[in-house]
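*Asks:* Can you read through this structure? Questions will come right after.
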Amino acid sequence: MKNYVLAAAAMLTLAAGSAQAQTSTVAKSLQSSAISDTQAALDALQAGDFSLAATRLELASQNASRLKIRNITQKLAGAVPKISANEFKYALAGSSTLSFDAFVAAKNTGETSFTDDQGRTVTVRIFSDEASINSFMAAAHDPAMIAKESVELAEMSGAPALKRRDEDGALSVLLMSESDHALIEIESASEDAVMAVIEDLEK
């Protein structure tokens with residue numbers, strides 16, 4: 001149990017470091033809560049209250065994950081002109097690219113939608129949980145799963161990506177951001193609109 005607490009504290013330290021540039025009240029509140037919950041988990045562990053330690057550790061992990069998502073949204077907003085970091089919302093959402101169990105259930109994501117210069121709506125999601133990342137990597141390296149899911153394996157910025165095309169021309173792309181250790185999904189009824197966002201990211 002202690003190893004889990006220490007691992008969470010290390011993750012918190014990384015997330016907090018990435019979030020230092022953010023001066024918003026929300027980011028500061030998330031960071032403060034994550035730090036206090038981590039300390040409370042350590043205190044509970046030392047007192048032998050493992051149930052409380054697990055509960056406070058989970059809360060710290062959730063807030064650290066939100067800090068991580070906020071940091072990634074800042075990067076996306078800097079790379080894609082039409083994305084506004086302020087309009088990203090925490091949402092329960094599933095993937096539009098993959099349909100197997102790990103992605104069917106709604107999970108905490110960062111999500112936003114915008115309209116590009118040609119009036120096309122684009123939705124962007126961030127998945128940062130380990131279960132989604134592990135499932136994505138397993139699928140990307142499993143030809144049978146790729147065939148079953150009817151997706152196409154590609155490479156973008158040196159990392160794997162999965163594409164799902166619909167008959168009506170819609171495209172959904174789920175790609176790995178190795179530097180952020182997260183998944184970014186871009187979807188639109190227009191394939192060109194999705195690829196335009198990806199081109200901005202690859203720059």
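*Asks:* By accessible area of protein heavy atoms, probe 1.4 Å, what ranking do SER24, SER132 get, highest first?
*Replies:* On the way: SER24 40, SER132 0 Å².
The ordering from most to least exposed comes out as SER24, SER132.
*Asks:* Based on alpha-carbon positions alone, could you give the equivalent ellipsoid semi-axes of the range 81-176 from the gyration tensor, as √(5λ), descending, whole Å? If you can, show how the numbers build up before the last one.
*Replies:* Details: eigenvalues 103, 56, 31 Å².
Semi-axes (√(5λ), whole Å): 23, 17, 13.
*Asks:* Keeping the other protein chains in place, figure out the carbon and sulfur percent of the accessible area of the chain, with a 1.4 Å probe.
*Replies:* 51 percent
*Asks:* Would you work out the charge dipole size for the range 47-203 about its Cα centre, treating the Cβ of every Lys and Arg as +1 and the Cβ of every Asp and Glu as -1, and quote it to the nearest 20 debye? Don't skip to the end; give the middle numbers.
*Replies:* Numbers: 15 positive and 25 negative charges, 115 e Å.
For this selection, approximately 560 debye.
*Asks:* Here is a follow-up. Per residue, what accessible area does the chain have, given a 1.4 Å probe and all protein chains present, in Å²?
*Replies:* On the way: 10490 Å² over 203 residues.
The answer is 52 Å² per residue.
*Asks:* I would also like to ask the following. Residue farthest toward the positive end of the dipole of the range 125-203, with Cβ of Lys/Arg at +1 and Asp/Glu at -1: which of VAL194, SER135, ALA159?
*Replies:* Ranked along the dipole, the leading option is SER135.
*Asks:* Okay, next question. Principal axis lengths of the chain from Cα atoms, whole Å, largest first?
*Replies:* Cα spread of the chain along its principal axes, largest to smallest: 59, 40, 27 Å.
*Asks:* Calculate, axis by axis, the spread of Cα positions in the range 16-97 along the three principal axes, and write the results as whole Å, longest axis first.
*Replies:* 51, 32, 16
*Asks:* log10 I(q)/I(0), Debye, Cα-only the range 124-203, no solvent, q = 0.13, 0.22 Å⁻¹?
*Replies:* Debye intensities relative to I(0), on a log10 scale: -0.37, -1.07.
The values are calculated or read from the model by the stated rules, or taken from the named source; none is laboratory data. These numbers were taken from a predicted model, which means no experiment stands behind them. Cβ atoms come from the backbone with ideal geometry, glycine included; neighbour counts cover every protein chain shown. These area figures cover heavy atoms from the full protein model, side chains too; ligands, DNA and RNA do not enter into them. Shrake-Rupley method; radii C 1.70, N 1.55, O 1.52, S 1.80 Å.
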